[in-house]
Amino acid sequence: MTKTVCRGSFFYCTVLILSSFLVFKEGHAQKNIVWNSADKKWRLDWDVESDKAGVKDLASGAVLWQGSLMPSFWLQTSGGKAYVKAGIKPGYSVSPGTSQLIPIVLPAFGEGVLKVNSAFWGLEIESLEINWKTKAPAIIEMYFGTSKMDTSAAAVMPVWDRPFMPDWRAGNYCIPGAKEGPVQSYFRMWDFGNTTISLGSFATSIGAPYGAAFPRPTLFASMGMEKGFVTIGAGELPDAAFGLTLAATSSCIQLLYREDLWGAQTSSKRVWKNPLRLTVGEDAYSSIRQYFSSFSKPNRTASVDSVASVWNTWGMWKDRKYPIRPIAELADSLHSGMVVLDDPWEDSQGSGTPSLKRFPQFNEDISFIRSKGMQVGIWETVAWIADPFSAGLTNQDLILNKYGKPAKGNWAFNPWGEGYYCLDISSAKTRAFITERTIRIMKAIRPSLIKLDFGYGLPDPNMGVPADPAYRGEKYSFELLKLIYAAAKSVDPKVAIMYYSINPMYLPYTDVVSMDDQGDLGYDVKGGHAEWSVWASLLADWNTVVSGSSSYSWVDDDEVILNSFVLGHPGSVLPSHLDNNPVPLKFLNRRYAINTWYRKTRNWQPLWLNSTTGNPNQPPVLNCWGRMENGRLTAVSLRTSPEPYAPKELKEMQWQGRWSVVSQTGADLFSTNALVVVPYDAGWISIPMNAKPSSVNGEGIGAKKSTINWTWKNGILKIEVTGKELDNVAGIVIRKMQDLVVNHKPIS
């Protein structure tokens, strides 16, 4: 009967599993650290003596997550490998207040202090300090969420070669973009098996599922139940590879050091700052937003105010077709504001010098782009270099493997494929080279944007590490990003730096977060781009540009543009042809529309309407959703719903087909003096409008201010678009004042 119940009700089954483990010790508060959410909806209770913690929904009593929070270590000592877990010193009791200093003991190895704080957003381990008894041991791995287990006595045991096990339990997990092609972010607790999911920059290098750029590094994972989710992540960049390790249905945070290969730190005192934060929300998305709220927002006063729409050459260059001028001409005709020259513009990857063999008129082509009124952007690898020795570097300036030879990387970590040397930021010569190369590129090409790449393609600690421990783990690519950022800004403070991570720790050094090209999405561009758009919207109010990008397919581009009108910034890697034929006007016009009328503002809030950010039973899905700025609806993308849909936020708006509606001023859709509607299908749309428009004109390639079929009656503007008009019209410009000019540049 138990089997039948569990198979029939996943929620009921997991509640039984979780509840059977956790007992909240209300009568032993002196040993408990307790955190309650501001709305008194959730409670975290951590019995530090037994190291049992849990979060429960107070209304239903459902346990969302449970496990231990004390740090533990897998060590290499002179006597072999050893597992040790921190425990509190006898006699400790919780003191009043939001901050706790917990004296801890690591039996036979040392003692220290754990500082724990509670805040409006959740609980954090602010610092962990350990004083080793004798010589510092080599840390192979550090964990949060493991417990010792007598594996020889266990009746049920997954494949696991350690004397300890992960002990975090939750019914479901959410790790944004953990799996790609197609994208998957929500998982049941038994979906993983035994694996480590990279939460940082290292993925295929440690054998995790392939994950290229966006949204990594996330440095957090969410887990929970239908009644709520807990997000657990880093508070500062760790000097180890940060991941979620799973064994059967249990999990823990793993920090991979491999000091058994690279040597232990010599100091008898070791300090970790902000190694862990825990937040709670009604669902994964809201709990992640709470995690984000634990960080300070970046100061952009000296940075770029806005970023031109991007057309990237990779859509052609990936197929080893290397035109520049035809791409620039196409981008200009579709009102793109910038052409980004992608890999492989260099004569050798990482050299910073253009390939005049591949691009014999490189400088003239750049001048041609600028003659069209467009800006120039440039691609650059974070750390790969094909020929370091021509740059005056030696093996000592590179990441070395355990045999003392240079380690190499590639995007898939395929040992049979081509590899690139990896620069070691520990080396003063390497740092000088990166700085000089960046400054040289800035002065020679004068880019308005630098797109950085391959931070995810570096050797992990199993393979090679920077010589200086201060730059290891997640700090490796991060420090390279900071170095390039500083060098580029020293020449032009307004240059935009583009990277991929949505984690707030990266945002002070990232002006544009790119959703990357959609090649990683596989066959599901519609679902994948929608899911990535949901995770990108976490940055909506972080004063950061989010670039929506495209796939390689013109046929799928409508869905990308629908989302990009809400996200705000268009990017494209589309080729200049479709199956060796000219691109149809109906596709070109949609790109013309997004490049012409996108919102340039950076701070906004998503309005989900009948869309969902996802849950354990459904991935994120975008139907109708909008962009709110200062409480005003300034853009909305509408998809035809299976049932009649009339939310109050859209007033009396109705439609047939797919549409984007975008204000061209700071006013909302219903009071702006300049409104644009973009059709994606033949159909109609009606919009409440108090006064009759002064003009309603179609604009686009082949249709400059053409007449559109429209009526205004009883305060409702209705516009109809036929299939023929759809091919020639990019958007319909609605003016309420005769003297308002709407040209091909967006109205800010």
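Report the residue count in the stretch 629-647 for those that are out of contact with any helix residue (DSSP H, G or I) (no Cβ under 9 Å at 6 or more places or on another chain) and not charged (D, E, K, R).
Final tally of qualifying residues: 10.
Hey, which of the strands (runs of 3 or more DSSP E) in the stretch 593-699, taking only ones fully inside, have at least 1 residues that are surrounded by fewer than 23 Cβ atoms within 10 Å (Cβ to Cβ) and of a type outside the set (D, E, K, R)?
605-607, 625-629, 632-638, 654-656, 674-679, 683-688, 695-699
If you take the residues in the stretch 378-420 that are polar (S, T, N, Q) and not in a loop (DSSP other than H, G, I, E, B), which one is surrounded by the most Cβ atoms within 10 Å (Cβ to Cβ)?
Among them, the one singled out is 381.
Sort out which residues of the stretch 119-154 are of a type in the set (Gly, Ala, Ser) and either assigned to a strand (DSSP E or B) or not assigned by TED's automatic domain parsing to the domain that holds residue 101 (or both), and write them in order of number.
119, 122, 127, 138, 147
Condition test on residue 331, is it outside the structural domain of residue 513 (by TED's automatic domain parsing), on the phi < 0 side of the Ramachandran plot and touching a residue at least 40 places away in the same chain (Cβ under 8 Å)?
When the stated conditions are applied, residue 331 does not pass them.
With (1) part of a helix (DSSP H, G or I); (2) surrounded by 24 or more Cβ atoms within 10 Å (Cβ to Cβ); (3) more than 19 Å from the chain's Cα centre (by Cα) as the list, and residue 254 as the residue in question, which single condition is left unmet?
Unmet for residue 254, out of (1) part of a helix (DSSP H, G or I); (2) surrounded by 24 or more Cβ atoms within 10 Å (Cβ to Cβ); (3) more than 19 Å from the chain's Cα centre (by Cα): (1).
Determine which member of the set 376, 382 is over 25 Å from residue 596 (Cβ atoms), assigned by TED's automatic domain parsing to the domain that holds residue 410 and not basic (Lys, Arg).
Step by step, each of 376, 382 is checked, and only 382 is over 25 Å from residue 596 (Cβ atoms), assigned by TED's automatic domain parsing to the domain that holds residue 410 and not basic (Lys, Arg).
Looking at the stretch 138-149, I want the residues that are buried (at least 22 other Cβ atoms within 10 Å of the Cβ) and have a partner that is assigned to a strand (DSSP E or B) and at pLDDT below 95 with Cβ atoms under 7 Å, at least 6 apart or on another chain. Which pairs are those?
146/164; 146/165
Return the pair list, or none, for Cβ contacts closer than 6 Å from residues in the stretch 80-98 that are more than 12 Å from residue 31 (Cα to Cα) and in a loop (DSSP other than H, G, I, E, B) to residues that are of a type in the set (Ser, Thr, Tyr) and at pLDDT 85 or above, at least 6 apart or on different chains.
98/118
So, in the stretch 601-644, exactly how many residues are within 15 Å of residue 662 (Cα to Cα) and among the aromatic types (Phe, Trp, Tyr)?
2
Can we say residue 103 is without any contact (Cβ under 8 Å) to a residue 12 or more places away in the chain and either among the β-branched types (Val, Ile, Thr) or surrounded by fewer than 18 Cβ atoms within 10 Å (Cβ to Cβ) (or both)?
For residue 103, the condition - without any contact (Cβ under 8 Å) to a residue 12 or more places away in the chain and either among the β-branched types (Val, Ile, Thr) or surrounded by fewer than 18 Cβ atoms within 10 Å (Cβ to Cβ) (or both) - is not met.
Could you figure out which of (1) within 27 Å of residue 731 (Cβ to Cβ); (2) assigned to a loop (DSSP other than H, G, I, E, B); (3) among the basic types (Lys, Arg) isn't true of residue 494?
Of the numbered conditions (1) within 27 Å of residue 731 (Cβ to Cβ); (2) assigned to a loop (DSSP other than H, G, I, E, B); (3) among the basic types (Lys, Arg), the odd one out for residue 494 is (1).
Could you check residue 100 against (1) within 27 Å of residue 271 (Cα to Cα); (2) touching a Pro at 6+ places or on another chain (Cβ under 7 Å) and say which number it fails?
(2)
If a residue must be out of contact with any Ser or Thr (no Cβ under 7 Å at 6 or more places or on another chain), buried (at least 24 other Cβ atoms within 10 Å of the Cβ), of a type in the set (Val, Ile, Thr) and part of a strand (DSSP E or B), how many such residues does the stretch 197-238 contain?
1
The values are calculated or read from the model by the stated rules, or taken from the named source; none is laboratory data. Please read all numbers here as calculations on a predicted model, not as lab measurements. Reconstructed Cβ throughout: ideal geometry from the backbone, glycine too, with neighbour counts over all protein chains shown.
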